[in-house]
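Notes to accompany the following structure.
The values are calculated or read from the model by the stated rules, or taken from the named source; none is laboratory data. Here the structure is a predicted model, which is why all the values come from computation and not from measurement. For neighbour counting, all protein chains shown are included, and Cβ atoms are generated from backbone atoms with ideal geometry for every residue, glycine included.
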Amino acid sequence: MSMREILRIDHIQKYYDNSGNITKAIKDISFSVQEGEFVGIMGASGSGKTTLLNCISTIDRASAGHIYLAGTDVTEIKEKEIARFRRENLGFVFQDFNLLDTLTVSENIALTLTINHVSPEQVSGLVHKIAVTLDIADILEKYPYQISGGQKQRCACARALINKPKLILADEPTGALDSHSSQVLLSTIQSINTELGATILMVTHDAFSASHASRILFLRDGEIFGEILKEHDTRRVFFEKTLDVLTKIGGGVGDVF
Amino acid sequence: MYFKLARRNIKRSAKDYVIYFITIIFIVMIMYSFLALGFSADIISISENMPIFTTYIIALSVIVTLISSFIVSYAVGFMLKQRKKEFAIYELLGMEVGAIQKLFLIENAVIGVLAFLIGLAAGTMLVGILTQIVKNIFDIPHSYRVSFSIKALLLSFVFFMLMYGAGLARSIRIIRQKKTVDLLYDSRKNEVISKQGRTSLRLALVIFSVFAIGTGIFLGGYGLTMQTNSAWGYLIGSIILLLAGVYVIYRNFPIMLITYAKRKNLKYSECNLFYLGQIGHRVQSSGRMMAITAILLTISLMTMFIGLVTGAGYKANMETYYPYDAGVAFDAPFTKNSFDGLISFVDEKCPVQEEIVFYLHDVDGYSIDALALSDYNALRSMLGLETVELPDDEYLVHCDTWTHIESIRAAMNKQPDVTIMDATLKNPQARINEEAMEQFQMAGTNGYVLIVADTIAAMLPANKIRVVMKLENGGIPELRSEIRRYLNSGQWHPELQAGEILPEHVTMGVTVKAWGLSNSLTSFTSISFCGLYLSIVFILLSCSILAFEQLSALDINRRNYQIIDKIGVSRQMQQKLVHRELSTFFFIPLVLPIIVMAVLMFGAQRLYSAYVYQKGIIPLYGFATITIFAILYSAYYVVTCHLFKSNIFMNKT
Ligand SMILES: Nc1ncnc2c1ncn2[C@@H]1O[C@H](COP(=O)(O)OP(=O)(O)OP(=O)(O)O)[C@@H](O)[C@H]1O
Ligand SMILES: [Mg+2]
């Protein structure tokens with residue numbers, strides 16, 4: 001695995017200014033990610049995880065600092081290139097799914113392919129394949145408002161992963177899933193990581209999910225509080241280490257187990 | 001306090017008010033300018049029967065008020081829908097329904113007054129242009145002038161209050177009836193294409209509708225060339241077929257579009273999926289809306305068309321009504337010499353090139369006048385028609401009024417011979433001539449006349465006398481009133497035929513072609529402008545419905561566009577999608593009405609252009625109408641697009 005730096009976060013800050021009422025969602029965050037890394041991000045609710053992912057994916061703009069993605073500063077990138085970058089290299093699994101209610105599950109998944117100009121003949125086949133993997137093949141013709149939260153989550157994952165993106169940003173992709181479904185989803189993500197060398201940033205509240213990562217960043221109040229590396233640990237050992245850090249932060253983990 | 005709250009509300013919900021505001025401005029502008037045109041002393045004095053134009057315009061304004069009150073209540077309904085959550089929250093906070101109504105009323109009153117004033121100002125500008133167009137039709141020298149009409153202002157105000165009152169009253173009732181729960185409730189379900197309606201069946205229905213439209217056009221064209229009352233049957237049938245066809249096609253258009261796109265795998269190319277979703281999620285209501293818009297546009301264009309054709313039809317009939325440059329009719333036994341004075345009087349005003357003085361004779365036992373063959377032939381040659389031969393023992397009928405021809409023919413079948421003073425006259429070939437001779441007064445009465453040999457005519461009493469004249473350059477409109485003044489002035493002393501006495505009532509008629517022409521222009525103008533007035537209001541109606549429908553689901557649309565933005569659809573593509581979505585609703589419903597209109601226009605041009613006296617009226621008028629149509633339509637499109645975009649691409653850099 002080549003160890004090229006794909007992402008560098010350089011002292012970014014993010015404030016939300018709601019008519020004088022300023023929220024500092026990210027105070028000061030810096031870190032970098034190597035190509036092919038699987039990074040977990042943990043932290044209490046409101047600690048700025050979603051905000052961080054939004055800034056990286058250029059959905060939101062950082063108030064200060066720089067974000068270099070494969071060498072380009074996305075805080076200065078042109079709008080046209082942003083869209084291209086998003087659809088060609090990025091798979092984003094949103095915390096609130098962001099599925100289109102006007103389209104069926106299969107159409108929602110297919111949308112990623114069609115905007116990337118995949119030839120129409122291949123679309124159905126690819127959609128079906130990923131749907132089988134994530135066990136949503138039998139709900140493909142339903143609309144998002146007709147399916148459960150966990151099914152929506154898998155559908156959102158399918159949409160983000162179908163294009164085999166270089167960088168996957170996943171915001172609590174297993175939040176609404178039972179342990180079996182999360183296991184399936186996590187192995188899917190992991191296989192994209194190992195087989196295709198995709199870089200993954202995954203936000204999670206669940207230490208077990210996080211133990212699939214090779215590194216975990218801990219956020220508190222908009223700052224990086226700590227970091228642990230898996231290195232040669234087994235998943236079990238890594239999992240214990242994670243729990244230790246979480247107890248230190250005092251983040252709500254107890255409800256997971 | 002309410003006033004302040006209302007002002008803040010208006011500022012905040014400005015986007016909801018824009019279309020409403022523009023629509024009211026347009027309505028006031030149109031209503032005021034047409035009323036001002038109808039009341040304009042300048043216009044009324046153009047010709048003697050111009051005041052009828054005023055009556056038409058006022059009558060139409062009542063209809064326009066009705067239609068507009070519908071728009072107002074629709075618009076208010078739209079705003080209620082947009083703000084139902086806000087109102088529900090007020091209610092939850094414990095504000096009374098009465099107070100909410102009051103707040104809403106004040107908001108609307110402010111908007112209404114403002115729109116009225118702006119509409120008035122714009123209308124004042126427009127009157128100048130309309131006046132110029134009318135004067136141009138009459139060939140009167142003109143220049144743009146701004147003038148103000150108090151009468152029109154007062155009347156527009158009354159109509160405005162009525163329409164606004166009716167519209168508001170309806171929506172106030174809606175606020176009262178709606179439960180808080182209903183106001184908070186919102187559905188995001190997609191409408192489904194019903195399974196029963198099979199595609200092949202639908203296709204058959206659409207093909208059938210295309211045929212209906214074709215048949216409608218054909219029947220309409222046929223009906224227009226027909227000269228009997230059944231023409232109305234054809235025309236009404238044609239209109240029903242056209243409207244039904246247009247409705248059915250558009251009703252099924254989105255369904256067909258989606259079915260077709262799904263079949264052809266078209267949906268997997270670029271952003272078609274998203275577009276189809278946008279159209280498809282309201283597949284039933286968008287179909288209904290497109291159908292209604294198309295119907296309104298068809299009606300509006302047809303109104304325009306009927307205005308044009310009827311106007312042109314008046315001109316076509318001109319030749320029948322005024323075949324002679326000037327004519328005088330007296331139902332009294334005067335001598336032919338009595339008119340020498342009149343002819344020299346006319347000659348002073350406009351040189352008389354040719355004149356014919358002749359009698360119409362009573363025929364005992366028949367309700368028809370008789371005309372001597374020599375007079376008949378003299379009239380024919382004056383009109384440039386071939387003279388006819390008629391043996392002494394035969395007669396023929398001249399009837400230029402098509403409504404009577406059938407009954408005359410039937411009467412002749414039943415009783416072929418005519419007995420006059422012991423002589424029996426035959427008509428072996430059942431001859432009825434039909435050229436235009438003005439048979440209500442001049443060359444007969446009631447629309448027909450019996451032509452007999454001179455020897456027979458000479459035996460009949462001559463109680464009606466006629467003079468027709470051919471004038472240099474066709475004469476002038478003022479001649480009519482001058483002739484009438486001369487005949488009534490006492491300068492003129494008619495002589496009675498020997499042994500005759502003056503009847504108690506003498507019927508007098510004066511016709512002058514030039515005068516008739518200018519009056520037919522009046523009818524042309526009245527009908528065309530009334531058509532224009534109505535059609536503009538219909539266009540406003542359909543545009544505002546379209547705009548409101550497009551803006552009604554902004555929240556859902558904003559979310560949808562944000563989602564595709566997040567997954568990497570470029571802003572440029574999103575803009576394109578917005579345009580694609582909006583123009584589907586704005587421009588596709590235009591296609592059929594325009595085709596129908598073009599075919600009808602083309603047909604009318606072919607049928608009537610030969611009769612149109614002043615060349616270029618149809619193109620000029622058509623151009624003006626299309627310009628107005630295009631301005632109104634694109635104004636709505638641009639504003640809707642702008643509102644749509646500014647809402648969807650809100651808080652974005
Ligand atoms: N659009 C916004 N306007 C104002 N404040 C915001 C906005 N979005 C997020 N915030 C605030 O920024 C902070 C960080 O939010 P963020 O969504 O990043 O948290 P999170 O770590 O993802 O939490 P969770 O685990 O609950 O998803 C929170 O305090 C939140 O209230
Ligand atoms: Mg979050």
Worksheet item: What is the residue count in region B:13-46 for residues that are among the polar types (S, T, N, Q), more than 30 Å from B:SER646 (Cα to Cα) and crowded, with 22+ Cβ neighbours inside 10 Å?
Response: 2
Worksheet item: Any chance region A:66-88 includes a residue that's surrounded by fewer than 20 Cβ atoms within 10 Å (Cβ to Cβ) and within 16 Å of ligand 2 (Cβ to nearest atom)?
Response: no
Discussion item. Tell me which helices (runs of 4 or more DSSP H) are completely within region B:375-488 and hold 3 or more residues being in contact (Cβ under 8 Å) with a residue 24 or more places away in the chain and under 30 Å from B:PHE339 (Cα atoms), or say none if there are none.
Written reply: B:454-459, B:479-488
Item to complete: Name the single residue, out of those in region A:37-50 being near ligand 2 (Cβ under 10 Å from one of its atoms) and surrounded by fewer than 22 Cβ atoms within 10 Å (Cβ to Cβ), that is nearest to the other protein chains (Cβ to nearest Cβ).
Response: A:THR50
Worksheet item: Can you find even one residue in region A:114-123 that is closer than 16 Å to B:GLN562 by Cα and at the interface with chain B (Cβ under 10 Å from one of its Cβ atoms)?
Response: yes
Worksheet item: Which residue out of A:THR174, A:THR188, A:THR199, A:THR204 is within 16 Å of ligand 1 (Cβ to nearest atom), in contact with a Leu (Cβ under 7 Å, 6 or more places away or on another chain) and under 30 Å from A:VAL127 (Cα atoms)?
Response: A:THR174
Worksheet item: Out of all the residues in region A:22-36, which are surrounded by 21 or more Cβ atoms within 10 Å (Cβ to Cβ) and under 16 Å from the mean Cα position of the chain (by Cα)?
Response: A:VAL33
Discussion item. Against the definition (within 16 Å of ligand 2 (Cβ to nearest atom), at negative phi and more than 13 Å from chain B (Cβ to nearest Cβ)), how does A:THR174 come out, yes or no?
Written reply: yes
Practice prompt. Please enumerate the residues belonging to region B:113-159 that are without any contact (Cβ under 8 Å) to a residue 12 or more places away in the chain and surrounded by fewer than 15 Cβ atoms within 10 Å (Cβ to Cβ).
Written response: B:VAL113, B:LEU117, B:ALA121, B:PRO141, B:SER143, B:ILE150, B:LEU154, B:VAL158
Practice prompt. Look at region B:552-575 and say how many of its residues are aliphatic (A, V, I, L, M) and away from chain A (no Cβ under 12 Å).
Written response: 1
Fill in: helices (runs of 4 or more DSSP H) completely within region A:86-199 that count 1 or more residues being of a type in the set (Asp, Glu)
A:105-115, A:120-133, A:179-196
Worksheet item: Quick one: which of B:PHE440, B:PHE529 is closer than 30 Å to B:MET29 by Cα, among the aromatic types (Phe, Trp, Tyr) and under 40 Å from the mean Cα position of the chain (by Cα)?
Response: B:PHE529
Worksheet item: In this structure, is A:ARG61 of a type outside the set (A, V, I, L, M, F, W, C), more than 16 Å from ligand 2 (Cβ to nearest atom) and out of contact with any strand residue (DSSP E or B) (no Cβ under 6 Å at 6 or more places or on another chain)?
Response: yes
Practice prompt. Please indicate, with yes or no, whether at least one residue in region A:219-229 is outside any strand (DSSP E or B), surrounded by 14 or more Cβ atoms within 10 Å (Cβ to Cβ), within 16 Å of ligand 1 (Cβ to nearest atom) and not acidic (Asp, Glu).
Written response: yes
Worksheet item: What are the residue pairs meeting all of these: first residue in region A:201-225, first residue within 12 Å of A:LEU186 (Cα to Cα) and away from chain B (no Cβ under 14 Å), second residue of a type in the set (S, T, N, Q) and within 14 Å of ligand 2 (Cβ to nearest atom), Cβ atoms under 6 Å, and 6 or more apart or on different chains?
Response: A:SER209/A:THR174; A:ALA210/A:THR204
Worksheet, complete the sentence: Checked B:LEU590, B:LEU577, B:LEU643, B:LEU551 against criteria (aliphatic (A, V, I, L, M), at pLDDT below 85 and outside the structural domain of B:TYR20 (by TED's automatic domain parsing)); the one match is B:LEU551
Worksheet item: Got a sec? Which of A:PHE92, A:PHE85 is within 16 Å of ligand 1 (Cβ to nearest atom), on the phi < 0 side of the Ramachandran plot, out of contact with any Pro (no Cβ under 8 Å at 6 or more places or on another chain) and of a type outside the set (A, V, I, L, M)?
Response: A:PHE92
Worksheet, complete the sentence: Counting only strands (runs of 3 or more DSSP E) wholly inside region A:9-76, the ones holding at least 2 residues that are within 11 Å of ligand 1 (Cβ to nearest atom) are A:21-34, A:38-43
Worksheet entry | Checking B:THR65 against (1) at pLDDT below 85; (2) crowded, with 19+ Cβ neighbours inside 10 Å; (3) hydroxyl-bearing (Ser, Thr, Tyr), the condition it does not meet | (1)
Worksheet item: Going by the structure shown, is A:ALA156 within 16 Å of ligand 2 (Cβ to nearest atom), within 13 Å of chain B (Cβ to nearest Cβ) and either in contact with a Phe, Trp or Tyr (Cβ under 7 Å, 6 or more places away or on another chain) or more than 19 Å from A:SER182 (Cα to Cα) (or both)?
Response: yes
Practice prompt. Just give me the residues in region A:54-71 being over 17 Å from the mean Cα position of the chain (by Cα) and either more than 9 Å from every other protein chain (Cβ to nearest Cβ) or of a type in the set (Phe, Trp, Tyr) (or both), in sequence order.
Written response: A:ALA62, A:SER63, A:ALA64, A:GLY65, A:HIS66, A:TYR68, A:ALA70, A:GLY71
Fill in: Members of region A:72-112 that are more than 9 Å from chain B (Cβ to nearest Cβ), without any contact (Cβ under 8 Å) to a residue 24 or more places away in the chain and more than 27 Å from A:ILE41 (Cβ to Cβ)
A:LYS78
Worksheet item: Only one residue in B:ALA261, B:ALA244, B:ALA204 is under 26 Å from B:GLU549 (Cα atoms) and surrounded by fewer than 19 Cβ atoms within 10 Å (Cβ to Cβ), so which one is that?
Response: B:ALA244
Worksheet item: Taking the condition over 40 Å from the mean Cα position of the chain (by Cα) and not in a helix (DSSP H, G or I), does B:GLY94 pass?
Response: yes
Discussion item. Condition (residue is of a type in the set (A, V, I, L, M, F, W, C), closer than 30 Å to A:PHE92 by Cα, more than 14 Å from chain A (Cβ to nearest Cβ) and surrounded by 19 or more Cβ atoms within 10 Å (Cβ to Cβ)) applied to region B:543-551: is it met by at least one residue?
Written reply: yes
